[in-house]
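Trainee: First the structure, then my questions, so here it is.
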Amino acid sequence: MPVSRRHALQALGLAVAGSTAMGQAVAQEAQKLRQDLEACSPDGDPWTWMLKRNQVFSKSWQRSIQSSNPKERMQIKQAIFDASCHIDPQALAQGQRPWAALLSCADARVAPEWMFGAGSGELFQVRVAGNSAFNDGIASLEFAVAALEVPLIVVMGHSRCGAVAAAMGTDPLTPLLEDLVQPIRASLQPNDDLTQAIQGNARYAAAQLVKRSPSLAEAQASGKVRIQPAFFDIQSGVVSAV
Ligand SMILES: [Zn+2]
């Protein structure tokens, strides 16, 4: 385990290891997370690894969100942060070696490090409201695959996405927001509800990456990269393939 993470967890354990039942529960939470998030780089297939890391997060997230005690909710949330992977700062200063890339929404709750127990230096990210495949984003992902040899691109929509809701609605938008929702509207199917539209939009954006980038299409065809559409449910914390 990286030294910085061990120290953070030890500090957390000392902070919560009081005589109260709540303190013991949170110390146990941190201990379990510490065991479950032992390593910072993928052990085998990166998508399987990502889902495994998300399972660890979502179980704690659900315990936190379902607690009737606001202090306990915050303590478990803190335990999730403290148990996340932390790469040595000197290694980070030398360069980046991310093991996955994401095209995801700008929504402030949809922070990929958080849901995968990851720290800085692990996930290469392109984020835009509605997670559409726009040119600069596609070019950034081309760089991630070609130069950084990232083996996985996850295109991730999320529950209750405001950008997709705006694309489905009739409220007037600024000209630039009209541009932003155009590819989301192109992905909509008749009678979609919001969740179906969000998932369809993730699949559409993933397909656009390959359609519009010969470089990514070739990398996918040769097995160099996997492009995976996905959905993050904020309430449960669960990420799933779509
Ligand atoms: Zn969103």
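The values are calculated or read from the model by the stated rules, or taken from the named source; none is laboratory data. Predicted model, so just to flag it, every value in this text is computed and none were measured. Virtual Cβ from ideal backbone geometry, glycine too; neighbours counted across all protein chains shown. Each accessible area value is taken on the protein alone, full model and side chains, heavy atoms only, with ligands, DNA and RNA left out. Shrake-Rupley method; radii C 1.70, N 1.55, O 1.52, S 1.80 Å.
Trainee: Could we say that Ile198 is within 16 Å of the ligand (Cβ to nearest atom), open to solvent by less than 60 Å² (accessible area, probe 1.4 Å) and part of a helix (DSSP H, G or I) here?
Mentor: Considered against the rule, which asks whether it is within 16 Å of the ligand (Cβ to nearest atom), open to solvent by less than 60 Å² (accessible area, probe 1.4 Å) and part of a helix (DSSP H, G or I), Ile198 comes out as yes.
Trainee: Next question. Here are some residues: Phe116, Phe81, Phe143. Which one is away from the ligand (no atom under 16 Å from the Cβ), among the aromatic types (Phe, Trp, Tyr), out of contact with any His (no Cβ under 6 Å at 6 or more places or on another chain) and touching a residue at least 60 places away in the same chain (Cβ under 8 Å)?
Mentor: Answer to the selection: Phe116.
Trainee: Same structure again: Can Arg109 be described as in contact (Cβ under 8 Å) with a residue 60 or more places away in the chain and open to solvent by 30 Å² or more (accessible area, probe 1.4 Å)?
Mentor: Yes: the conditions hold for Arg109.
Trainee: Testing Ile153 on (1) within 17 Å of the chain's Cα centre (by Cα); (2) farther than 22 Å from Gly121 by Cα, one condition comes back false. Which one is that?
Mentor: With (1) within 17 Å of the chain's Cα centre (by Cα); (2) farther than 22 Å from Gly121 by Cα applied to Ile153, the lone miss is (2).
Trainee: Gln182 - would you say it is closer than 22 Å to Thr48 by Cα and assigned to a helix (DSSP H, G or I)?
Mentor: Judged against the criteria, Gln182 is not a match.
Trainee: So, Leu176, is that one surrounded by fewer than 14 Cβ atoms within 10 Å (Cβ to Cβ) and over 19 Å from Phe232 (Cβ atoms) or not?
Mentor: In short, yes.
Trainee: Which number in (1) open to solvent by less than 60 Å² (accessible area, probe 1.4 Å); (2) assigned to a helix (DSSP H, G or I); (3) modelled with pLDDT under 85; (4) farther than 29 Å from Pro229 by Cβ marks the one condition that Ala15 misses?
Mentor: All conditions are met except number (1).
Trainee: Now for a separate question. Looking only at the stretch 214-235, how many residues end up being assigned to a loop (DSSP other than H, G, I, E, B), within 28 Å of Ala165 (Cβ to Cβ) and open to solvent by less than 80 Å² (accessible area, probe 1.4 Å)?
Mentor: 2
Trainee: Between Val150, Val145, Val154, Val164, which is part of a loop (DSSP other than H, G, I, E, B) and not basic (Lys, Arg)?
Mentor: Val150
Trainee: Right, another one. Could you grab me the full set of residues in the stretch 61-74 that are in contact (Cβ under 8 Å) with a residue 40 or more places away in the chain and closer than 21 Å to Ala118 by Cβ?
Mentor: Listed by number, the residues that qualify are Trp61, Gln62, Ile65.
Trainee: Have a look at Pro190, Pro214 and point out the one that is free of Cβ contacts under 8 Å to residues at least 12 places away in the same chain, under 15 Å from Asn135 (Cα atoms) and more than 23 Å from the chain's Cα centre (by Cα).
Mentor: Matching residue, one of Pro190, Pro214: Pro214.
Trainee: Now for a different question. Name the single residue that is farthest from Asp107 (Cα to Cα) among those in the stretch 161-175 being in contact with a helix residue (DSSP H, G or I) (Cβ under 7 Å, 6 or more places away or on another chain) and within 13 Å of the ligand (Cβ to nearest atom).
Mentor: Among those residues, the one meeting the criterion is Met168.
Trainee: For the stretch 87-106, which positions are within 16 Å of the ligand (Cβ to nearest atom) and either surrounded by 20 or more Cβ atoms within 10 Å (Cβ to Cβ) or part of a helix (DSSP H, G or I) (or both)?
Mentor: Result: Leu102, Leu103, Ser104, Cys105.
Trainee: Out of all the residues in the stretch 107-129, is one or more outside the structural domain of Ser60 (by TED's automatic domain parsing) and over 14 Å from the mean Cα position of the chain (by Cα)?
Mentor: yes
Trainee: Here's a follow-up. Scanning for something open to solvent by 50 Å² or more (accessible area, probe 1.4 Å) and within 24 Å of Ala108 (Cβ to Cβ), does the stretch 151-159 turn up at least one residue?
Mentor: Within the stretch 151-159, not a single residue is open to solvent by 50 Å² or more (accessible area, probe 1.4 Å) and within 24 Å of Ala108 (Cβ to Cβ).
Trainee: Starting from residues that are outside any strand (DSSP E or B) and of a type in the set (A, V, I, L, M), keep the ones in the stretch 123-140 and report whichever is nearest to the ligand (Cβ to nearest atom).
Mentor: Ranking the candidates gives Ala129 first.
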